[in-house]
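Laboratory data are not the source of any read-out in this text; all were calculated from the coordinates shown. Everything quoted here is computed from the prediction, not taken from an experiment. So basically every Cβ, Gly included, is an ideal-geometry build from the backbone, and we count neighbours across all protein chains shown.
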Amino acid sequence: MSNSSDEIIGDTEIIRREKMLDIKYLRYYISKFITQMIFASIQNALFIIVSFAFLEIKELHLYYFAFMTMISAAGISMGFLISSIPGLTVKAVQNIVPLILIPQIIFGGALIQYKELNSSLTVYQNSPIPEVCQIMPSRWAYEGLVVLQDSYNSYHSGKDILQAALDDHIKKEKNKSSIGLKAESKSIKERILNRELSEYRRKYMSKYGNMEIHRTVISGNDRFTTDYNALTYGCPNLTEVEKHQKMIYPIFTREKILPFFNLKVNTAVYNSVVLLFISFIINFIAYWMLSRNDFLMKIFYLFITKKQRR
């Protein structure tokens, strides 16, 4: 965002010359966007290489790179939107950028948990996330990265499968006992499953696991289950897709339904689509402002002149 916020302002003379040569604004805008994305991709790659080494994250490099590319697209789009505002100077841009970045930090969900925010920020009484936070790209970026780390790492996904198999076996044995059937192999199979689970933990937990992130996602998923069950009791005739459409997802829900496609996808994928949609909307507004710059400047000067006369 910082890198791209003064790009268009710095090219004012070039834009005027290209307009005289009847060169389309769209070509200029796309070329600028692609150039910024190339530099952002290099920055992301360097960030991942260095930070993963320090934090001892041994996998998911490409996953993070792909997701951070979506985040970069949103940041570049916001920078171009600022730079497209008519009449701005580079100094004015330097003052505007922090005004947009600070709400991204406060309402992103990482610095302050949503349950600790002022309840007056919430329009809908039982909403798990204040509505103002839903328009922040940082909110979708933070949640997406946390769920991505939990969903695709080599430890928690495999451990959950083994734990589910063990729980299922114990449940079946309890059912057999309740109806009076003898289960001689109970202790043998249970010991085998417990041994496999212990071996898996020993081999992968310290290398790939992150219990803090796992607990966070489990907590978010529990909140989703509670809200979903409440909706089920209140509206029993709705289908699963209709229930999801009526819900306001709490943060760190593991899976969501994609609107229009009605597909259940991982939250990292869902949030990537949201970030791309936000980037498209912001880019559309920025391009419209750039292409109507002269018209908007005339309106601005007419407004200022009328105010001065009064």
Cα-Cα longer than 18 Å, checked against LYS159/LYS243; LYS243/LYS264; LYS58/LYS264; LYS58/LYS207, kept in input order, equals LYS159/LYS243; LYS58/LYS264
Rounded to 0.05, the calculated FRET efficiency for the beta carbons of LYS115 and TYR152 at R₀ = 25 Å is 0.40
Between the modelled labels at LYS207 and VAL265 (7 Å from Cα along Cα→Cβ) the distance in nm is 3.1 nm
Listing ARG16, ARG139, ARG223 by rising number of other beta-carbon atoms within 10 angstrom, fewest first, gives ARG16, ARG223, ARG139
log10 I(q)/I(0) for segment 44-92, Debye formula on C-alpha points only (no solvent), q = 0.19, 0.31, 0.32 Å⁻¹, two decimals, reads -0.68, -1.10, -1.13
Ordering 4-14, 69-79, 48-58 by per-residue average of other C-beta atoms within 10 angstrom, highest first, gives 69-79, 4-14, 48-58
Among (i) 0.96; (ii) 1.04; (iii) 1.10, the entry matching Rg/Rh (Cα atoms, Kirkwood Rh) as calculated here is (iii)
Exposure proxy check on VAL274, VAL241: fewest-to-most Cβ neighbours within 10 Å is VAL241, VAL274
Between ASP168 and ASN3, the two model label points (7 Å from Cα along the beta-carbon direction) sit apart by a distance in nm of 4.7 nm
So the FRET efficiency between LEU21 and ILE299, C-beta based with R0 = 30 Å and rounded to 0.05, is 0.70
Subtracting the Cα-Cα distance of ILE42 and THR89 from 0.36 nm times their residue separation yields 14.1 nm
Taking the alpha-carbon centre of each part, the distance from segment 34-110 to segment 201-219 in Å is 27 Å
The extension gain from PHE65 to ILE188, computed as 0.36 nm times the residue separation minus the Cα-Cα distance, is 39.8 nm
